[in-house]
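What follows draws every value from the coordinates through simple rules; no lab data is involved. Everything numeric here is computed off the predicted structure, so don't read it as measured data. Cβ placement follows ideal geometry from the backbone for every residue including glycine, while neighbour counts extend to all protein chains displayed.
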Amino acid sequence: MTARDFELAEAVEAIRNELLNAAARGAGNDVTFQVGPIQMEFTVELRRDVRARGGIKAYVLSGEVDAGRSRTRTHRVSFTLEPRRTDGDPLLVAADGEGGTAGLTTAGPL
């Protein structure tokens, strides 16, 4: 793995964290946004990971694939995520209090 590559799980985690950050920043706003389906598409390279007991990991490649990688086989992976709160309600980009992520469905005054 190079400094530009990261695991597919890290990419999904980054999206989750950004959604939670957006919800916290939306605290106190009258306007909320319900997060709909998120379509994600990546070019990945599958590699055996000896640390994972012979398992295979998917690494997302940056747009700047170097010449040394031009001979490796890459795959396009796409999927759709539907963000939900832990109680099953849809995720709204808003929150009850500054910096909180609880009660993401309520917004305050503008």
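Annotations
- The slack in the chain from Asp5 to Leu81, taken as 0.36 nm per residue of separation less the alpha-carbon distance, amounts to 25.2 nm.
- Sites Lys57 and Leu20 - FRET efficiency at Förster radius 22 Å, r taken between beta-carbons, to 0.05: 0.35
- Ordering of 36-45, 80-89 by burial proxy (mean other Cβ atoms within 10 Å per residue, highest first): 36-45, 80-89
- Extended-chain gain in nm, criterion 0.36 nm per residue less alpha-carbon gap, Arg47 and Thr74: 8.7 nm
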